[in-house]
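Written below as structure tokens is the structure these notes are about.
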Amino acid sequence: MDTSRIRTKLSDSTVVKKSTAFYEKHKRIAPLVSFIAGFTWDSVTLTRIDRVWDNVVLLLYLSLLGLTLFLLHLADNDKIKNKFILNYREWFPSAIQFFFGGLFSAYVVFYFQSAALSKSWIFIFLLILLMLGNEFIKDRFSGLKVYLPLYFLTIFSFFTFFVPVIIKIMNLWVFLLSGFISLFVMAGFVWLLFHFDSEQNKALFKQIALTILFIHILLNGFYVLNWIPPVPLSLKEGGIYHHIQKKDGFYEMRFEKGSWYQFWKTSDDVFHYAPGDTVFCFASVFAPTRLDKKIVHHWQMYNEKQDKWLTTDRRLYQIKGGRDGGYRGYSYKKNILPGDWRVDVETKEGALLGSISFTVVTVQKEKNEQTLILR
């Protein structure tokens, strides 16, 4: 087969010429469109963090992103003579944006599902901000200065949940292992990228390597501070109830019936507490198949005089992974005081999955109008 002839025909075809002209006309907004397209696609197609196909797609994105970065670097340094590849050099930035968009959209979905935004939003916002920021950098080598650290972030973010999914264990040592695997993969890629480069880019190589090492150390610090969401775990739902009972594989949960217009009410945000009442907290935590983890219900009451939340109880129980809706569990508390309360759903190590807030109001008699839901 005469591949050069085929490449020539493709390059001279009407479709290629029109598509190239269209790109030239709109190339200023093409990267942003590619980013949005990648984000939208993954938001629609992603299902479970331990689903084989979802992880295959993410691995494919990572591989194609690395290949595109590699080809872009070689083309910019005159290391590629292939006319067909050089004809599409202008498309590489948009392809890179598309893969970044697909990867980061997946991570945003998974990370937002996995933790309370009060701690995780900074980490995720920085990732998105850095990626969008590369659109405003113009000099020749600044693209790599942005692209490669971002590529490391995508690799790191992937392995921090992929490794626990594979080995069915989640703790500090597994996180550190995931980080070292990410660092090893990235080190190999950076070395390969600069292996055939000229001497004038050695300084750039050192700068990028130090930046990646700094990011690796910083992310480990974020984990210690619980600023990185505890993926692959996620809080699916939670609420406060007057009574919970497990029966025939379902959980019967009773809560006060709201006003006619409160059609969305499914739990007791305001708990009317009568003498002898018990306050139940229900939570459903998703974990990948065969990954078992201890979860804590951290009961806290707000102290107005001290202006802070004070711990009253910590209730620990084991969850088992695999159920789509999450492993269901509950804790309860008697003799509760009036005021503002919250139950933080955490891992045993203290990583926050979510918080369930409610207010206790004392009454003389229990409200009779209650409704029942099954989960």
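The values are calculated or read from the model by the stated rules, or taken from the named source; none is laboratory data. Note that this is a predicted model, so its numbers are computed, not measured. Cβ placement follows ideal geometry from the backbone for every residue including glycine, while neighbour counts extend to all protein chains displayed. Ligands, DNA and RNA are excluded from the accessible area calculation, which covers all protein heavy atoms including side chains. Shrake-Rupley method; radii C 1.70, N 1.55, O 1.52, S 1.80 Å.
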Inset, instruction - Kindly establish whether residue 282 is touching a Ser or Thr at 6+ places or on another chain (Cβ under 6 Å) and farther than 19 Å from residue 161 by Cα. - result: no
Inset, instruction - Give the residues of the range 271-291 that are more than 28 Å from the chain's Cα centre (by Cα) and not in a strand (DSSP E or B), sorted by residue number. - result: 274, 275, 276, 277
Inset, instruction - Please indicate, with yes or no, whether at least one residue in the range 63-83 is open to solvent by 20 Å² or more (accessible area, probe 1.4 Å), in a helix (DSSP H, G or I), hydroxyl-bearing (Ser, Thr, Tyr) and modelled with pLDDT of 75 or more. - result: yes
Inset, instruction - Looking for whichever is of a type in the set (Val, Ile, Thr), at pLDDT 85 or above and in a helix (DSSP H, G or I) here; the options are 244, 215, 240. Which one fits? - result: 215
Legend entry - Enumeration of residues in the range 253-275 that are touching a residue at least 24 places away in the same chain (Cβ under 8 Å) and either β-branched (Val, Ile, Thr) or open to solvent by less than 70 Å² (accessible area, probe 1.4 Å) (or both): 253, 255, 256, 266, 267, 268, 270, 271, 272, 273, 274
Inset, instruction - Just give me the residues in the range 306-327 being part of a loop (DSSP other than H, G, I, E, B) and loosely packed, with under 13 Cβ neighbours inside 10 Å, in sequence order. - result: 306, 307, 324, 325
Inset, instruction - Considering every residue within the range 259-270, establish whether at least one is assigned to a strand (DSSP E or B), of a type outside the set (Ser, Thr, Tyr) and farther than 25 Å from residue 161 by Cα. - result: yes
Inset, instruction - Report whether or not residue 143 is at pLDDT 90 or above and not hydroxyl-bearing (Ser, Thr, Tyr). - result: no
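Give the range 322-340 a look and list any residue that's touching a residue at least 40 places away in the same chain (Cβ under 8 Å) and on the phi < 0 side of the Ramachandran plot, or say none.
Hits for the range 322-340 are 324, 325, 327, 328, 329, 330, 331, 332, 333, 334, 336, 338.
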Inset, instruction - Would you please name the residue that is modelled with the lowest pLDDT, looking only at residues in the range 334-375 that are more than 23 Å from the chain's Cα centre (by Cα) and open to solvent by less than 30 Å² (accessible area, probe 1.4 Å)? - result: 336
Legend entry - Residue, least open to solvent (accessible area, probe 1.4 Å), within the range 140-169, restricted to residues that are touching a residue at least 24 places away in the same chain (Cβ under 8 Å), more than 16 Å from the chain's Cα centre (by Cα) and under 30 Å from residue 289 (Cβ atoms): 168
Inset, instruction - Tell me, yes or no, whether the range 364-371 has at least one residue that is in a loop (DSSP other than H, G, I, E, B), touching a Lys or Arg at 6+ places or on another chain (Cβ under 9 Å) and closer than 17 Å to residue 268 by Cα. - result: yes
